[in-house]
Amino acid sequence: MRAPFLTGLALGAALLLLPLAALGDAPSRADAQPTPNLLTLPASPTPAPQPAPSPGALDAARTVRLLGRDGQVAELTMGDYLWGVVAAEMPAAFEPEALRAQAVCARTYSLWKIGAKSHQEDGADICADSTCCQAYLTREDAAQRWGAGPSSAYTAKIAAAVADTDGQVLTYDGAPIQAVFFSSASGSTEDAEAVWGKSLPYLVSVDSPEGDEVPNYRSTVTLTAEQVKKAAGEAGLGADLSGEPSTWFANLTRTASGRVASLELGGAQLSGGAARSLFALRSACFDVSEQDGVFTFSVTGYGHGVGMSQYGANAMARAGSGWRDILAHYYTGAEIQAGT
């Protein structure tokens, strides 16, 4: 009985192994599919990735009503408006990082002006007059200024500066700042209080690195005694200019940055800024001398001196600073936020 039993057992084992032999080698553990667990819930589907915002989307979503120099109001996207401001306000040959800093300044100043509603009665948000708001150039006017050669490259360069900073705004306490700017400084910028009589924590004097590489960085204005007398009379200063011309200018004082804070002209008190306007000087950083009835004003820099120096920004960019570093330097304590 034992032999038939063993024979039957062997025959049963052979029959059990026959399907595996027919299928080939058994799969390894690494290749085998796991046995489904009927108690495990199916995994939630992975959400589809959201597309990144297109370049310039934030600026494209905001409109600006621009009062042109012809008195007409045009509605533009913020991106198109900023292109025209950067083209008008900063040389297109400047470093890309300086142009980006300028784009953020222009965007921020635009929002500050919109909030001030200074052109509400005109049905506009802002104007194209640089003495009131910001200068602006159409693409056609900019191309004519630049000439056929560099026009295409400059157009793309400014467009990139605006798009690369899309929606970025300088803020203080969560609100857009008064992001004023000017051409070139005489070693440092000026405190807003010294120029406009109002202190702002983000518009204080800081060092500025530009110098004699700036065109007309040092300039002179020469006026005769009669021209000075005429200018003072038309301004209604009430200055007494009957004495010797050498005695007309007196008691000149300076701010910490070296600009003229005040002076006397024939006994009449003038601020440095008023003297700059009266005598058409490029900045309030000046000395005045007289010889044989002729006055010579020796001037350094260009502009009111408050906020970002454009040539200083370009010098920082050439030295390797990014646009964020430039803005942090010139606007003390301000933060950069998107879509404010």
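Using mean Cβ contacts within 10 Å as the protection proxy, how do 75-83, 244-252 order, highest first?
Working: 75-83: 21.4, 244-252: 14.6.
Answer by packing, highest mean first, reads 75-83, 244-252.
Charged side chains reduced to their Cβ positions (Lys and Arg at +1, Asp and Glu at -1) give the stretch 170-219 a dipole of some 160 debye around its Cα centre. Summing Cβ point charges (Lys, Arg +1; Asp, Glu -1) relative to the Cα centre of the stretch 159-278 gives a dipole of roughly 380 debye.
Enter the accessible area per residue of the stretch 146-286 (Å², integer; probe 1.4 Å; all protein chains in place). Intermediate values should be presented prior to the final figure.
Details: 6510 Å² over 141 residues.
Accessible area per residue: 46 Å².
Here, P(r) means the percent of Cα pairs in each 5 Å bin from 0 to the largest distance; for the stretch 173-312 it is 2, 10, 19, 21, 17, 12, 10, 5, 2, 1, 0, 0.
Dipole of the stretch 233-328 computed with +1 at Lys/Arg Cβ and -1 at Asp/Glu Cβ about the Cα centre; of Leu265, Phe249, Gly320, farthest Cα towards the positive end is Gly320.
What FRET efficiency do you get for Glu140 and Glu244 if R0 is 56 Å and r is their Cβ-Cβ distance, rounded to the nearest 0.05? Could you put the intermediate results ahead of the total?
Numbers: r = 54 Å, r/R0 = 0.97.
Efficiency, from the Cβ-Cβ distance: 0.55.
Can you tell me the length gained on complete extension of the stretch Glu226 to Arg69, counting 0.36 nm per residue apart and subtracting the Cα distance? That pair, Glu226 and Arg69, stretches by 53.1 nm at full extension. Projecting label points 7 angstrom from Cα along Cα→Cβ for Ala175 and Trp196 puts them 1.3 nm apart.
Give, in nm to one decimal, the length gained when the segment between Ser262 and Ser152 is fully stretched (0.36 nm per residue of separation minus the Cα-Cα distance). Could the numbers behind the result be given before it?
On the way: separation 110, 0.36 × 110 = 39.60 nm, distance 4.63 nm.
Gain in length upon complete extension: 35.0 nm.
Could you give the length gained on full extension between Ala93 and Ser219, defined as 0.36 nm per residue of separation minus the Cα-Cα distance, in nm?
Values: separation 126, 0.36 × 126 = 45.36 nm, distance 2.27 nm.
Full extension of this stretch gives 43.1 nm more.
Using a Debye calculation, one point per C-alpha and no hydration shell, please list log10 I(q)/I(0) for the stretch 243-294 at q = 0.15, 0.22, 0.31 Å⁻¹ in order. Reported log10 I(q)/I(0), two decimals: -0.39, -0.81, -1.29. For Lys198, the lysines whose Cα comes closer than 29 Å to its Cα, not counting residues fewer than 8 places off in the same chain, are Lys113, Lys117.
The values are calculated or read from the model by the stated rules, or taken from the named source; none is laboratory data. What you see is a predicted model; the values in this text were computed from it and never measured. Please note: Cβ atoms are built from the backbone with ideal geometry, for glycine as well, and neighbour counts cover all protein chains shown. Surface accessibility is based on the protein's heavy atoms, side chains included, excluding ligands, DNA and RNA. Shrake-Rupley method; radii C 1.70, N 1.55, O 1.52, S 1.80 Å.
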